[in-house]
Structure formats: C-alpha cells, structure tokens
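The values are calculated or read from the model by the stated rules, or taken from the named source; none is laboratory data. Predicted model, so just to flag it, every value in this text is computed and none were measured. A quick note on method: Cβ atoms are made from the backbone with ideal geometry, for glycine too, and the neighbour counts reach across all protein chains shown.
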Amino acid sequence: MALDADLILVGGGLANGLLALRLRQQRPDLRLLVLEQGDTLGGNHTWSFHQHDLTPAQHRWLEPMVGKRWPGYEVIFPDLQRRLGSGYASIFSERFHQYLMPELSDGVRLRTSVASVEPQRVRLGSGDILQAGAVINGRGVRRTDQLALGFQKFLGQELRLQQPHGLREPIIMDASVAQHDGYRFVYVLPLSADTLLIEDTYYADGATVAPDSLRDNIASYASTRGWAIAEVLREEQGVLPIVLSGDLPAFWEEARGVPQTGLSAALFHPTTGYSLPDAVRLADHLIALDRWDATSLFEAIRDYSLAQWRQRGFFRLLNRMLFMAGPADRRWAVMQRFYRLREPLIQRFYAANLTTRDRLRIVSGKPPVPLGEALRALAAHDLHRKDYR
C-alpha cells in the first residue's frame with residue numbers, strides 16, 4: 001500500500017509545529033503531513049522563554065515567530081521586589097500559525113479529527129485510514145498513572161487599557177497578591193503602550209479552573225495597579241503538569257511504540273512548566289537522525305526523554321518541597337527565597353542546566369518551610385505509587 005506521507009504528525013501544537021518546520025528546512029526529502037483538529041496551528045496560546053534557555057543558533061531559526069522581546073523582567077513577593085537583566089521573549093499562536101502555514105504549504109490539514117494512532121497508521125474521525133513510515137503523537141498531556149502531578153493552572157486575558165500602563169518589562173511573578181488554592185501569582189506581559197496580557201496563575205493540587213473567579217481576579221489586579229480596562233481582546237487558559245515523581249520507563253511503555261513529542265513525551269521544564277525550550281531542543285535533536293522508521297524514531301525520542309528525566313530529578317525534589325512542605329498559603333516563601341539567589345544561577349535554573357554547586361546552593365541554609373515537612377518531601381520520591389493527597 002502506498003504511503004500517504006513519510007511522517008504524519010498528529011496535533012499541530014508547539015512541539016509538532018516546530019519539528020515540522022525544522023524538518024522542512026533541514027530534511028526537505030521527507031514528505032510531512034500535520035493533522036490538526038482546530039482551525040489554526042498552535043491553538044490559542046502564548047509561549048515564553050528566557051534568553052539563556054536557547055543557543056544562538058536556536059534563537060536564529062526561532063526568530064521569525066517571536067512576537068515580542070524584552071531586555072529583562074521583574075518578580076514581586078511580599079518581602080522582595082527584583083529586576084533581572086536576563087532577556088525574555090514570547091511567541092503568540094496567531095503569529096506561529098501565520099508563519100508556519102506557508103512554510104509547510106500543503107503538508108497541513110486543519111479541522112481534521114483523529115480517532116486513534118498507531119506507529120504507522122492514523123484513523124481519522126471520518127473513518128479514513130492514513131499510512132506513514134512513522135506517526136508522531138503531539139496532542140498534549142497523556143492520561144497516566146505513572147506520574148504523580150501537581151498542576152500549574154491559569155487564565156489569561158489580553159487587555160486594551162484606557163490609558164498607557166507604563167510597564168516596560170514583564171512581571172513574570174507577582175506573588176504579593178492574596179494566596180489561595182496553592183501558590184498564586186499574577187503574570188503580566190506588556191505588549192504595547194496600552195495593551196497587556198495578565199494571567200492569574202496557581203500552583204495547585206487540583207486541575208480544576210474556575211474561569212469566572214480568575215476573570216474577577218484579573219480585573220481586581222488591574223484596578224489595584226491603576227489600569228482601567230477598555231476592552232478584553234483575547235482570553236486563554238490552561239493547565240500544565242508539574243511532576244512530583246514518576247516511573248518514566250513505564251510511562252513510555254504506555255505509548256505502545258508510537259513516537260511522542262512535547263507534553264506527551266514528558267518534555268517540559270519540571271518546575272516552571274515552560275515547554276518551548278524543550279520543543280526547540282527536541283526538534284534540533286531529531287533532524288540529525290539517519291533513520292525515520294517508526295521503531296527508530298520511537299526509540300530515539302524515548303531515550304532522549306529518559307535522559308532528560310534522569311538529569312532533572314532535582315527539579316522534582318523542589319516540586320515536592322513546593323507542594324508538600326508547609327501550608328499552601330505560604331508556598332510563595334519557597335520561590336521568594338529562590339529569587340534572592342545570584343542571577344546566573346537563576347538563568348541556569350530556567351534552562352534546566354543546574355550545576356552541582358547550584359543544587360547545593362538552592363537547598364543550603366534554613367529552609368523557608370518547616371524542617372520536618374521539608375525532609376518528608378525530599379524523601380517522597382515514589383508518590384506515583386500511592387495516594388499521597
């Protein structure tokens with residue numbers, strides 16, 4: 001039977017979109033097909049990253065999709081306000097779609113539902129079957145019992161204000177706000193002189209989002225800052241996994257030989273939930289492959305994911321500290337203490353590239369949570385095997 005494509009990417013989100021782009025640029029011999037159930041690639045999202053997360057070469061190929069860059073950012077806590085001079089940037093899904101569509105040309109099918117995926121076959125919602133040398137699933141978080149998760153949940157609104165806001169750089173954490181439902185902070189991106197993206201964000205035990213409550217919180221925050229809202233231009237919301245512990249080999253066994261990308265490959269920053277740097281790195285890792293059959297591709301991505309998992313155990317330890325040690329309305333103290341550290345360490349933290357000395361520096365000194373609970377959290381590396389709530 002003739003193949004419909006050499007490679008079918010199921011899901012047109014960030015990870016699959018970037019991979020398709022890099023393959024079109026570096027491996028034009030491969031016939032690609034991206035299947036996306038929505039009307040656009042990328043959906044309705046904002047993806048941000050720090051300057052030091054990527055190499056200069058990665059910045060160059062990503063640049064056409066970047067919607068906004070800033071020279072620094074600010075964090076605010078009850079006892080700390082600090083500006084950091086590390087560059088920060090965002091990609092907005094509208095621009096992501098506009099750039100990728102002509103690059104991928106006829107290799108994209110929008111408004112296409114998928115019923116099931118196999119390593120070399122896709123069954124569409126219509127019942128039609130597509131065959132490929134390999135199929136990649138990149139449709140977000142997979143249901144699993146192999147990972148113990150907390151959640152970063154948020155609702156964001158892009159707002160046009162009645163007057164200029166005067167904000168020059170992002171506030172990536174304002175934890176001076178009232179604390180409830182876990183560690184809460186507000187995230188603000190200045191997009192133009194009179195437009196902002198404001199997100200109400202929670203590190204919470206549960207994944208449920210109460211949209212009306214979060215909308216009220218955003219309006220209240222804007223009012224507190226003296227920003228009168230003229231119009232809500234756009235709204236987005238999401239729930240990101242924050243991994244506390246897990247059995248990643250078993251997680252990959254559940255994929256049944258289907259290559260995975262992005263969140264479905266457990267490729268995201270364990271503590272921040274940022275996914276763009278890992279999506280960029282995976283795309284660059286894969287374009288160097290010599291073999292693109294389903295088995296080789298599955299093994300290459302699985303092994304890469306497992307290597308990242310082994311290197312990032314310290315972040316899962318920190319996550320347990322954040323979620324399990326001390327009262328929920330004091331979780332901000334963990335992050336406030338972290339942001340007192342030296343800026344190069346903070347840069348390496350976001351890039352998931354901590355040194356041994358960095359790790360020791362982060363956990364040294366008096367913990368900002370009760371010592372007994374901190375020790376319990378440090379030792380709880382098998383939460384996925386029990387009901388820890």
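Among the residues of the range 321-364, those identified as over 20 Å from the mean Cα position of the chain (by Cα) and in a loop (DSSP other than H, G, I, E, B) are 325, 326, 327, 331, 339, 340, 341, 342, 355, 364.
Of the residues examined, residue 250 is not one that is more than 20 Å from residue 276 (Cα to Cα) and either touching a Phe, Trp or Tyr at 6+ places or on another chain (Cβ under 6 Å) or among the polar types (S, T, N, Q) (or both).
Assessment of the range 91-108 against the conditions (β-branched (Val, Ile, Thr), at pLDDT 95 or above and more than 24 Å from residue 2 (Cβ to Cβ)) yields at least one matching residue. The number of residues in the range 10-29 that are surrounded by fewer than 17 Cβ atoms within 10 Å (Cβ to Cβ) and not in a helix (DSSP H, G or I) comes to 3. In the set 252, 227, only one residue is in the same structural domain as residue 153 (by TED's automatic domain parsing), crowded, with 17+ Cβ neighbours inside 10 Å and among the aromatic types (Phe, Trp, Tyr); that residue is 227.
State yes or no: is residue 49 under 19 Å from the mean Cα position of the chain (by Cα), buried (at least 16 other Cβ atoms within 10 Å of the Cβ), within 30 Å of residue 5 (Cα to Cα) and of a type outside the set (D, E, K, R)?
Working: under 19 Å from the mean Cα position of the chain (by Cα): yes; buried (at least 16 other Cβ atoms within 10 Å of the Cβ): yes; within 30 Å of residue 5 (Cα to Cα): no; of a type outside the set (D, E, K, R): yes.
Taking the combined requirement at face value, the residue does not satisfy it.
Of the listed requirements (1) farther than 25 Å from residue 355 by Cα; (2) aromatic (Phe, Trp, Tyr); (3) in a helix (DSSP H, G or I), residue 292 misses just one: (3).
A single entry from 286, 297, 282, 317 fulfils the requirement of being at negative phi, surrounded by 14 or more Cβ atoms within 10 Å (Cβ to Cβ) and outside the structural domain of residue 51 (by TED's automatic domain parsing): 317.
Criterion first (within 18 Å of residue 326 (Cβ to Cβ) and over 17 Å from the mean Cα position of the chain (by Cα)) does residue 174 satisfy it? No, not satisfied. Those residues that are modelled with pLDDT of 95 or more and touching a helix residue (DSSP H, G or I) at 6+ places or on another chain (Cβ under 8 Å), I need them from the range 315-337; list them, please. Those that are modelled with pLDDT of 95 or more and touching a helix residue (DSSP H, G or I) at 6+ places or on another chain (Cβ under 8 Å): none in the range 315-337.
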